[in-house]
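Shown next, in structure tokens, is the structure this report addresses.
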Amino acid sequence: MTTRGTVLLIEDEEAIADLVRMYFEQEGYRLIHAADGEAGLAAVRDRSPRVVLLDLGLPGVDGIEVCRRIRAQSDIPVIMLTARDAEVDKIVGLEIGADDYVTKPFSPRELVARVRVVLRRSEEAPRIPSVIEVDGWEIDTGRREVRPPQGEPIRPTAREFDLLWYLADNRGLVLSRSQILEAVWGYDYFGETRTVDVHVRQLRKKLDGIPIETVWGVGYRVAD
Ligand code: CA
């Protein structure tokens with residue numbers, strides 16, 4: 001049987017693991033389940049999964065630490081599973097390098113859809129390197145770094161960079177949160193437009209003075 005690839009689920013709740021397994025196997029994926037962080041890290045190393053679904057609240061080594069350790073050894077896409085909406089800010093804020101997250105309770109169908117998007121993104125041919133200049137800032141897709149008018153280059157997370165690139169590439173236009181979600185995250189985020197705000201906040205913090213304007217009631221714009 002051909003499979004779409006191996007998905008590693010690191011999750012301590014058996015019931016969730018069973019449900020996720022059922023859906024992913026139905027969709028043609030092979031699912032490996034690890035019940036704690038140590039087993040999960042071993043599976044990342046030994047079983048070559050294509051994507052990791054990682055529960056934030058694990059016994060022993062927690063999800064944040066597991067994600068950090070995965071990132072220290074690999075670029076494999078990681079989708080975090082979080083128990084509460086409030087934990088989202090934490091994941092994004094800590095910059096642990098996750099590619100995406102879903103909030104429990106999630107629908108397994110939604111999770112399968114997210115995995116597809118993440119895999120598609122990770123397999124897309126790299127863009128032709130190019131640089132956009134905005135107000136003295138250089139946004140470089142080749143190096144995936146941002147060079148401020150003064151000082152050292154800064155490397156935002158992958159998602160932050162994609163967001164900034166999208167805004168800069170459409171400079172002069174006001175972009176709504178849902179437009180941004182669709183373009184940068186690749187699908188309708190079920191109305192979780194707050195995600196955009198959190199990432200913009202992070203960008204402003206890291207890139208002090210970056211000219212991203214808030215357009216009240218609509219979204220964001222980088223001025224032309
Ligand atoms: Ca848990």
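A few points about this structure:
- Flag if ILE154 is touching a Lys or Arg at 6+ places or on another chain (Cβ under 9 Å) and at pLDDT 85 or above: yes
- Condition met for ILE212 (buried (at least 16 other Cβ atoms within 10 Å of the Cβ) and within 22 Å of GLY97 (Cα to Cα)): no
The values are calculated or read from the model by the stated rules, or taken from the named source; none is laboratory data. Model, not experiment: these values are computed from the prediction. FYI the Cβ positions are ideal-geometry reconstructions off the backbone, even for glycines, and counts take in every protein chain you see.
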